[in-house]
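Below: one structure, written as structure tokens.
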Amino acid sequence: KNPAFDLDNSHHLIKATLEYLTRSLGALSHGAERGSEPFNTHTARVLTSVYVLQSSLDFERGGDVSINLFQLYEYTRQQALKLMRGDETSRIDQAYNSMTEILDAWQRIE
């Protein structure tokens, strides 16, 4: 069992999901061509990661922090969907920057 990644430890699971999410957002924000295999793969990873992150939130204990995170994750999901549709108003770069900040904050929590 890899001690660096313990599935029983939700902190590590969230961190790994955020890393996965930011890697894929980075690929999309740096111009993976729409409809290409990398584009489709990274878009699917973004949507799956957002689902995992939204599902992991504890609104009972997390209060406003959980609500704010849910909204940021939802923003990211919406930008990915816009990008998939070829919508010029997609702000995937903003979503990438936001998720990078959340990952940085999460890494400091250890």
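The values are calculated or read from the model by the stated rules, or taken from the named source; none is laboratory data. It should be emphasised that the depicted structure is a prediction, and the values quoted were computed from it without experimental measurement. Cβ placement follows ideal geometry from the backbone for every residue including glycine, while neighbour counts extend to all protein chains displayed. For the accessible areas, the whole protein counts, side chains as well, though only heavy atoms, and no ligand, DNA or RNA atoms are used. Shrake-Rupley method; radii C 1.70, N 1.55, O 1.52, S 1.80 Å.
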Note to self: Which of the numbered conditions does residue 45 fail, given that it passes all the others? Conditions: (1) part of a helix (DSSP H, G or I); (2) modelled with pLDDT under 95; (3) touching a Phe, Trp or Tyr at 6+ places or on another chain (Cβ under 7 Å).
What the structure shows: (2)
Checklist line | In segment 53-104, the residues that are over 14 Å from residue 21 (Cβ atoms) and among the small types (Gly, Ala, Ser) | finding: 62, 63, 66, 86, 90
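Taking the condition of being assigned to a helix (DSSP H, G or I) and open to solvent by less than 60 Å² (accessible area, probe 1.4 Å), how many residues in segment 73-95 meet it? Break it down stepwise before answering.
Taking segment 73-95 first, the residues assigned to a helix (DSSP H, G or I) are 73-85, 92-95.
Remaining after also requiring open to solvent by less than 60 Å² (accessible area, probe 1.4 Å): 73-74, 76, 79-83, 92, 95.
Looking only at that region, the number is 10.
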Note to self: Conditions first: (1) under 21 Å from residue 10 (Cβ atoms); (2) crowded, with 18+ Cβ neighbours inside 10 Å. Residue 62 passes all but one, so which condition is the exception?
What the structure shows: (2)
Checklist line | Extreme residue, nearest to residue 102 (Cα to Cα), among residues of segment 1-39 that are at pLDDT 95 or above and polar (S, T, N, Q) | finding: 22
Next item on the list: Identify the single condition in (1) open to solvent by 70 Å² or more (accessible area, probe 1.4 Å); (2) among the acidic types (Asp, Glu); (3) part of a helix (DSSP H, G or I) that residue 104 does not satisfy, given that it satisfies every other one.
Entry: (1)
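Hey, could you check segment 37-46 for residues that are more than 17 Å from residue 94 (Cβ to Cβ), open to solvent by 30 Å² or more (accessible area, probe 1.4 Å) and not basic (Lys, Arg) and say which is nearest to the chain's Cα centre (by Cα)? Steps first, please.
Taking segment 37-46 as the starting set, the residues that turn out to be more than 17 Å from residue 94 (Cβ to Cβ) are 37-41, 44-45.
Adding the requirement that they be open to solvent by 30 Å² or more (accessible area, probe 1.4 Å) leaves 37-38, 40-41, 44-45.
Next, only the ones that are not basic (Lys, Arg) stay: 37-38, 40-41, 44.
Details: 37: 19, 38: 17, 40: 15, 41: 14, 44: 11 Å.
Checked segment 37-46; the qualifying residue nearest to the chain's Cα centre (by Cα) is 44.
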